[in-house]
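The values are calculated or read from the model by the stated rules, or taken from the named source; none is laboratory data. Since the structure is predicted, the reported quantities are computational estimates derived from the model, not experimental observations. All Cβ positions, glycine included, derive from the backbone under ideal geometry; neighbour counts span all protein chains shown.
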Amino acid sequence: MSPSQDNPEASLPRLKERPAESHKGDYGRILLIGGSRGMVGAVALSGKAALRSGAGLVTLAVPEPCLDLAAAFEPCYMTAALPADREGRISAPARTCLERLMKSASVIGCGPGLGRSKEITELVGWLYRTVRQPLVLDADALNSLAECPEAVCQAGGSFQVPGPRVLTPHPGEFDRLIQAMELQGENATVQADQLARQSQAVVVLKGHRTLVTDGCRSSRNPSGNPGMATGGSGDVLLGVIAALLGQEMACYDAARLGVYLHGRAGDLAAQEQGQISMVASDLIGFLSSAFKEHHGGRED
């Protein structure tokens, strides 16, 4: 393992208590970029999870053809239309719209339902190189990042990303990333540490006992169950982590706590519904119980 491995159950961080005079702007303005024709539900899951995880304001930036459907999933987040290509995916002119949207965002998430295209690959590379806010990448955003490794390591690794980064790959996405970065190692743990250092990011390697590492510290998550091996589960996790970042948690802490609460919501869902019938939206329904349990029953 990395130089330091902690006990995640004993040392998980907690959110600060909410002052009575606080308002929605105090708890993060989350911008989630994703969706495409046929996959808009993915980014909607992320948005709903971010709301259930305490985000003050959530905006989904989706291709224009997907706007009405995205808005119909949940009345409590906002939506913004982006230019789209003929296949209903975000297109290159979206960069101008995103520059405007990102000015008011405190955290940005990208990837759920994004799809694949040359224009999307270029867009993700641009986000990684330029975004100053915390940026969480998942799903096809990670596949795009693997196609443009120069966005991560330029001039032999001298490039410094301008803001905090969290990468949340499943094993397939992880393999593509480490191959693109030409990383070597004895096992996935060593490679994940290397990827975290190379990308200057916190890496969340999803799976049984999900690994969270920033390249110096690492933690194995104790929560979760096989019922969570279902489409959309990772989209929910992105929303949880983004919301915690919006509440001013550091990347490593937000990733550790987000992974734990996501898994704990899955455990609570499995107790009531069983593992076989679990779907990703069930996790969102149990996030409130997971948060309340972790905070000792505190209602704030």
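Counting residues in region 3-23 that are more than 24 Å from residue 221 (Cα to Cα) and either touching a Pro at 6+ places or on another chain (Cβ under 9 Å) or part of a helix (DSSP H, G or I) (or both) gives zero. The selection criterion, being of a type outside the set (Gly, Ala, Ser), on the phi < 0 side of the Ramachandran plot and at pLDDT below 95, does not hold for residue 247.
Against the numbered list (1) over 24 Å from residue 93 (Cβ atoms); (2) among the acidic types (Asp, Glu); (3) buried (at least 20 other Cβ atoms within 10 Å of the Cβ), residue 138 comes up short only at (1).
Among the conditions (1) under 19 Å from the mean Cα position of the chain (by Cα); (2) modelled with pLDDT of 95 or more; (3) surrounded by fewer than 21 Cβ atoms within 10 Å (Cβ to Cβ), the only one that residue 93 does not satisfy is (1). Only one entry of 253, 235 meets the criterion of being in a helix (DSSP H, G or I) and buried (at least 22 other Cβ atoms within 10 Å of the Cβ), and that entry is 235. Cβ-Cβ distances below 8 Å connect the following pairs, each with a first residue in region 108-122 that is polar (S, T, N, Q), a second residue that is at pLDDT 95 or above and surrounded by 24 or more Cβ atoms within 10 Å (Cβ to Cβ), and a separation of six or more residues or different chains: 117/89; 121/144.
Scan region 215-228 for residues that are buried (at least 22 other Cβ atoms within 10 Å of the Cβ) and not in a strand (DSSP E or B) and report the count.
Filtering region 215-228 down to residues buried (at least 22 other Cβ atoms within 10 Å of the Cβ) leaves 218-219, 221, 224, 228.
From what's left, not in a strand (DSSP E or B): 221, 224, 228.
Count: 3.
For the criterion of being of a type in the set (Val, Ile, Thr), crowded, with 23+ Cβ neighbours inside 10 Å, touching a Lys or Arg at 6+ places or on another chain (Cβ under 9 Å) and not in a helix (DSSP H, G or I), residue 212 passes.
Output the residues belonging to region 273-291 that are at pLDDT 95 or above, part of a helix (DSSP H, G or I) and either under 17 Å from residue 209 (Cβ atoms) or not aliphatic (A, V, I, L, M) (or both). Outline the logic, then answer.
From region 273-291, those at pLDDT 95 or above are 274-291; that's our starting set.
The next check asks that each one be part of a helix (DSSP H, G or I); those that pass are 280-291.
Within region 273-291, 281, 282, 285, 286, 288, 289, 291 meet the criteria.
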